[in-house]
Amino acid sequence: MTTTCKSAPVLKERGQREVFCGLTGIIWLHRKMQDAFFLVVGSRTCAHLLQSAAGVMIFAEPRFGTAILEEKDLAGMADANEELDREVARLLARRPDIRQLFLVGSCPSEVIKLDLTRAAERLSAEHGPAVRVLNFSGSGIETTFTQGEDACLASMVPALPQTEAADLLLVGALPDVVEDQALSLLAQIGLKGVRCLPGKRAELDPAVGPNTRFALTQPFLGDTHAALVRRGAQHIAAPFPFGAEGTTLWLKAVAAAFGIAPEVVDQVTAAPRARAEKAIAAAATTLRGKSIFFLPDSQLEIPLARFLVRECGMTAIEIGTPYLHSDLHNPDLDLIPAGPTISEGQDVDLQLDRVRAARPDLTVCGLGLANPLEAEGLSTKWAIELVFTPVHFYEQAGDLAALFARPLRRRATLRGQHPNMMEAAE
Ligand code: SF4
């Protein structure tokens, strides 16, 4: 008998999908990696996406830009490689602070089959060792928006130095304040000298080897996970650190990998855990008993569903994810009681039919689908907000629950009802 979602059948769909492309990751990556520059090799559309998403002031010196492929490049009438080399030389001469340069592929660079791997090798030879040039794809043809970070970190792994040290590596670009909280909790349970990927600057990037153990902080890092395993590093499988329970289980899994007893974690985390539980309980009064439907978007869907079901009392109808990596997602799936449909990939029309039939209290989806669903009387939560807001670990657990409670409260207010009275009134 199926008792948890880990052994539930997966509904796989391959059809039209509605998601942002992987270029979006540049918005948070360029803030995290302070000496990196992201050069998108793309079109004016790509430049507009980045400019509007990042909200850059014209007088700021952003650490991303777009080398625009003009029509003559797309028609094969100009040598795009020569132009790219020229642009890179100009950029590096003007910005001597750049230590890592990422050439980021887009739909147009893919369509004309511009080989950015070879371009990165050529430019690394020319501008290294002062500047390391790497490449990854953020193209909307093949990526969803959080895959940009995964592709970026995966591109860094082969270039990391080798080590035999038995270090702990935290993998995922967290906001600095959240990363500091994680490092502080780990230090308190006895794990010091923890390294992070990505580092804030190139010289802080970690070394990796067969004795490295790594814990992911983001559930969308499937390619980075594979790249680290190829370097011999060992993955610490754990539920993701969302909510009080998720954070505690994540810390206990990391502690166990280094021979530290769970009681040490319980002792060290008692106070922040109690604060988190209290903050979650406040938002859970609105969430308890409500139903939720996740459309596949951020790849955070499975651990967030686990948090909302177990810690906030919600009922999940469908948990959709763009990709299901069992190595990454099984610990969370194993905590969700059987019942919801687990779906991978998207056929947006079929999925919207299921949303309309189920009429969930809350639907988590991309920006493009949220407004039409709101117009049909359904409350929505933008998936992208969950990536741009600090939501990991104890101190953010109450804010995470509140993010889901807010749209329900807003709709109840618009209807002039108390949020807990909605069902009774319908
Ligand atoms: S990479 Fe593709 S989907 Fe993304 S902005 Fe550029 S053209 Fe659009």
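Considering each residue of the stretch 413-423 in turn, at least one proves to be assigned to a loop (DSSP other than H, G, I, E, B) and small (Gly, Ala, Ser). What residue, among those in the stretch 91-117 that are of a type in the set (D, E, K, R) and modelled with pLDDT under 95, is nearest to the chain's Cα centre (by Cα)? So the residue we want is 110.
Of all residues in the stretch 113-135, those being more than 16 Å from the ligand (Cβ to nearest atom) and among the polar types (S, T, N, Q) number 2.
Of the residues making up the stretch 195-222, those that are within 24 Å of residue 396 (Cβ to Cβ) and either surrounded by fewer than 17 Cβ atoms within 10 Å (Cβ to Cβ) or of a type in the set (Lys, Arg) (or both) are 195, 200, 204.
Is the stretch 254-267 home to any residue that is in contact (Cβ under 8 Å) with a residue 60 or more places away in the chain and within 22 Å of the chain's Cα centre (by Cα)? Yes, the stretch 254-267 contains a residue that is in contact (Cβ under 8 Å) with a residue 60 or more places away in the chain and within 22 Å of the chain's Cα centre (by Cα).
Residue-by-condition table, conditions (1) closer than 18 Å to residue 411 by Cα; (2) under 20 Å from the mean Cα position of the chain (by Cα); (3) in the same structural domain as residue 246 (by TED's automatic domain parsing); (4) modelled with pLDDT of 95 or more:
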| residue | (1), (2), (3), (4) |
| --- | --- |
| 297 | no, yes, no, no |
| 315 | no, no, no, yes |
| 323 | no, yes, no, no |
| 332 | no, yes, no, yes |
| 340 | no, no, no, yes |
| 344 | no, yes, no, yes |
| 360 | yes, no, no, yes |
| 371 | yes, no, no, no |
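Listed here are the helices (runs of 4 or more DSSP H) enclosed by the stretch 304-381 that have at least 3 residues being over 25 Å from residue 248 (Cα atoms): 348-358, 367-375. Scanning the stretch 111-129 for residues that are of a type in the set (A, V, I, L, M, F, W, C) and buried (at least 17 other Cβ atoms within 10 Å of the Cβ) yields 114, 116, 119, 120, 123. Please go through the stretch 28-52 and give me each residue that is free of Cβ contacts under 8 Å to residues at least 60 places away in the same chain and buried (at least 18 other Cβ atoms within 10 Å of the Cβ), ordered by number. Of everything in the stretch 28-52, those that are free of Cβ contacts under 8 Å to residues at least 60 places away in the same chain and buried (at least 18 other Cβ atoms within 10 Å of the Cβ) turn out to be 30, 47, 49, 50. Every residue in the stretch 1-49 that is hydroxyl-bearing (Ser, Thr, Tyr), within 12 Å of the ligand (Cβ to nearest atom) and within 30 Å of residue 319 (Cα to Cα), please. Within the stretch 1-49, 24 is the sole residue that qualifies.
Filter the stretch 92-112 down to the residues that are within 16 Å of the ligand (Cβ to nearest atom) and farther than 18 Å from residue 22 by Cα and list them by number. 112, the sole residue that qualifies. Taken together, the residues in the stretch 262-289 that are within 30 Å of residue 348 (Cα to Cα) and touching a Leu at 6+ places or on another chain (Cβ under 6 Å) amount to 1. If you go through the stretch 296-304 one residue at a time, do you hit one that is among the hydroxyl-bearing types (Ser, Thr, Tyr), in contact (Cβ under 8 Å) with a residue 60 or more places away in the chain and surrounded by fewer than 24 Cβ atoms within 10 Å (Cβ to Cβ)? No; the residues of the stretch 296-304 include none that is among the hydroxyl-bearing types (Ser, Thr, Tyr), in contact (Cβ under 8 Å) with a residue 60 or more places away in the chain and surrounded by fewer than 24 Cβ atoms within 10 Å (Cβ to Cβ).
The values are calculated or read from the model by the stated rules, or taken from the named source; none is laboratory data. This one's a predicted model, so the numbers in the text were calculated from it and none came from an experiment. With ideal geometry, Cβ positions are generated from the backbone for all residues, glycine too; neighbour counts draw on all protein chains shown.
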